[in-house]
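What follows is a short report on a single structure.
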Amino acid sequence: MKEIEVIRADITLLDVDAIVNAANNSLLGGGGVDGAIHRAAGPELLQECERLGGCPTGEARITKGYNLPAHYVIHTVGPVWQNGNCSESELLTSCYRNSFSLLRKHRLSTIAFPAISCGIYGYPPQAACTIAINETKTFLKTEGTSDTHVIFVSFNDTIEQEMRRQLC
Ligand code: AR6
């Protein structure tokens, strides 16, 4: 079943094909969900990330999940919110598109996203949720298979409520 789901959870605990990491350009870890994923995955994740040589904003890279229940981690680098006139929406859209592209390339079915850019990077939640949902619907319509399952993981009320409101 092609499906979109919103759940409240710690993304590091999810047993899915791939979880998405809201990373930074270095791919060498940081705070927020990035720090949590690296802590839970263990040092081998950092070793693989070191070999990737970073990632431009809006692009995505895939690694194994190591000690995580998830088999893979898709690392994408969201934009830092400035004033909305610095290509933030195009860059956030690219994060979702490139993450879905890796999902398809690796023939994976289940993917869990955190709210990319909505924490430390300060993206307004309403606008970010609209992009996340629109890109997901487009992917499901054009390239999703009967097994595709997209999970939006929220860590706070604002994101969860906004996601649910927009999916109604
Ligand atoms: N599970 C699910 N969601 C989480 C978790 C978790 N364990 N932890 C945080 N969130 P952020 P960004 C939510 O700041 O804004 C890092 O230092 C959080 O509540 O992790 O893209 C990177 O290295 C928020 O809604 O990512 C970058 O430097 C969402 O995840 C920078 O932060 C994203 O918050 C990236 O900032």
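No value in this document is a laboratory result; all are computed from the given coordinates. These figures come from a predicted structure and were not determined experimentally. We place every Cβ from the backbone using ideal geometry, glycine too, and count neighbours over all the protein chains shown.
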Cα-based shape type of segment 1-86, given that a ≥ b ≥ c are square roots of the gyration tensor eigenvalues and the cut on a/c is 1.5: oblate
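Using the 10 angstrom Cβ neighbour count as an exposure proxy, how do ARG61, ARG97, ARG104, ARG51 rank, fewest first?
Details: ARG61 21, ARG97 16, ARG104 13, ARG51 8.
The order, fewest Cβ neighbours first, is ARG51, ARG104, ARG97, ARG61.
Provide SER99, SER26 in ascending order of the number of other Cβ atoms located within 10 Å of each residue's Cβ, fewest first. Numbers along the way, then the final one.
On the way: SER99 25, SER26 14.
By the 10 Å Cβ count, ascending: SER26, SER99.
So, counting K/R as plus one and D/E as minus one, what does the shell of residues with Cβ under 15 Å around ASN67 add up to? Mind showing how you got there, number by number?
Working: positive: ARG39, LYS64; negative: ASP10, ASP15, GLU44, GLU48.
Local net charge: -2.
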For PHE152, distant residues with modelled amide H under 5 Å away: GLU5, VAL6, ILE7, PHE113
Least to most buried among HIS106, HIS38, HIS71 (fewest other Cβ within 10 Å first): HIS106, HIS71, HIS38
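Could you give the alpha-carbon Rg of the chain over 2.2 N^0.38 Å, rounded to two decimals?
On the way: Rg = 14.4 Å, N = 168, 2.2 N^0.38 = 15.4 Å.
My calculation over the Cα atoms of the chain gives 0.94.
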Under Karplus coefficients 6.51, -1.76 and 1.60, residue-wise ³J(HN,Hα) of segment 33-39 in Hz, glycine/proline x: 5, 4, x, 5, 5, 5, 4
Under 5 Å, built H, 5+ apart or other chain: amide partners of ASN21: ILE74, HIS75, THR76
Vicinal HN-Hα couplings computed from phi for segment 94-106 (Karplus, 6.51 cos²θ - 1.76 cosθ + 1.60; Hz; Gly/Pro x): 4, 4, 5, 4, 5, 5, 5, 4, 5, 4, 5, 4, 8
